[in-house]
Amino acid sequence: MIEELGSDLRVVAIDENPYCLTTARETLRAAKVGDAEVMRRVNTVANHNGFHSAAEPFKEPLPKPIALVEADICSDSYLRSALNQDGPFDAVTVWLSGVHMYRQFNEIVVGAGVNSDTMHRLFVQNSVYELADQVLRLGGVLQVVDRGETPATALLQSDILRSHREQAGPTTLDVRTLAHAPWTPPETRRVPMVLTPGTTGRLPGKDTAMFSVISVKT
């Protein structure tokens with residue numbers, strides 16, 4: 001992004017997993033494009049339902065030009081105000097919302113009735129749609145990137161766009177375009193991606209793709 005848009009690019013990265021943010025920090029340092037520190041501000045508190053992520057208030061403005069922020073986008077009550085003070089932003093993006101298995105014991109997730117990977121993806125993406133609606137400038141762009149069955153037909157493409165328009169329904173975001181590229185799962189020992197049937201019961205095909213849905217704040 002810096003190569004394409006210039007060195008004065010402002011970036012705020014948000015993740016509820018601090019290890020992912022640490023990896024991002026080391027990647028930036030290795031590429032010699034930044035030396036951002038991770039803003040650790042979430043304490044994990046165990047309870048009878050599982051655990052609660054207790055976020056601390058932001059004690060100072062977000063660092064520039066790159067901020068790596070530990071925050072749960074689905075429950076952090078301080079995040080939106082911090083971003084609003086820093087914005088408005090030209091673009092928001094969320095990529096591949098899969099998380100670690102311990103996430104299922106988060107009391108926010110349990111309380112929302114989330115009991116599958118599909119429901120969790122929607123839970124996170126819906127939060128991102130609402131956040132983007134508040135922090136984007138007029139004409140700003142939200143990009144949602146996901147993996148799934150290759151949308152090789154007009155029907156499948158229409159179904160993806162319809163689903164995202166439902167997600168964007170409570171916001172001023174206008175879902176515009178869908179693009180996709182072939183994707184092959186890596187041959188590693190990580191948890192594999194599983195394609196689940198839709199509400200119609202139709203079994204998905206075996207070909208998979210990365211797809212990007214673009215929305216614009218109006």
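The values are calculated or read from the model by the stated rules, or taken from the named source; none is laboratory data. This is a predicted model, so every value here is computed, not measured. When we count neighbours, we look across all protein chains shown, and the Cβ atoms used for this are built from the backbone with ideal geometry, even at glycine. The area values use the complete protein model at the heavy-atom level, side chains included, leaving out ligands, DNA and RNA. Shrake-Rupley method; radii C 1.70, N 1.55, O 1.52, S 1.80 Å.
Among the numbered conditions (1) under 15 Å from the mean Cα position of the chain (by Cα); (2) assigned to a loop (DSSP other than H, G, I, E, B), the only one that VAL114 does not meet is (1). Pairs linking a residue in the range 140-169 that is assigned to a helix (DSSP H, G or I) to a residue that is of a type outside the set (D, E, K, R) and open to solvent by 20 Å² or more (accessible area, probe 1.4 Å), with Cβ atoms under 6 Å and 6 or more positions apart or on different chains, are GLN157/LEU178; ILE160/LEU178; LEU161/LEU178; GLN167/ASN126. Looking at this structure, is GLN143 touching a Phe, Trp or Tyr at 6+ places or on another chain (Cβ under 6 Å) and either surrounded by 14 or more Cβ atoms within 10 Å (Cβ to Cβ) or under 24 Å from ILE2 (Cβ atoms) (or both)? So GLN143 fails the test. Residues of the range 34-62 that are open to solvent by less than 60 Å² (accessible area, probe 1.4 Å) and in a loop (DSSP other than H, G, I, E, B): GLY34, ALA36, ARG41, PHE58, LEU62.
Considering the range 158-173, the residues that are of a type outside the set (Gly, Ala, Ser) and in contact with a Phe, Trp or Tyr (Cβ under 9 Å, 6 or more places away or on another chain) include one that is surrounded by the fewest Cβ atoms within 10 Å (Cβ to Cβ), namely PRO170.
For the range 127-140, a residue qualifies if it is small (Gly, Ala, Ser) and open to solvent by 30 Å² or more (accessible area, probe 1.4 Å), and exactly one does: GLY139. Condition first: surrounded by 10 or more Cβ atoms within 10 Å (Cβ to Cβ), among the hydrophobic types (A, V, I, L, M, F, W, C), assigned to a strand (DSSP E or B) and modelled with pLDDT of 90 or more. Can you find one or more residues in the range 15-33 that meet it? No, every residue in the range 15-33 fails to be surrounded by 10 or more Cβ atoms within 10 Å (Cβ to Cβ), among the hydrophobic types (A, V, I, L, M, F, W, C), assigned to a strand (DSSP E or B) and modelled with pLDDT of 90 or more.
Picking from residues in the range 83-100 that are modelled with pLDDT under 95 and surrounded by 16 or more Cβ atoms within 10 Å (Cβ to Cβ), the one that is nearest to the chain's Cα centre (by Cα) is SER97. Just to be sure, is ASP8 within 18 Å of the chain's Cα centre (by Cα) and assigned to a loop (DSSP other than H, G, I, E, B)? Considered against the rule, which asks whether it is within 18 Å of the chain's Cα centre (by Cα) and assigned to a loop (DSSP other than H, G, I, E, B), ASP8 comes out as no.
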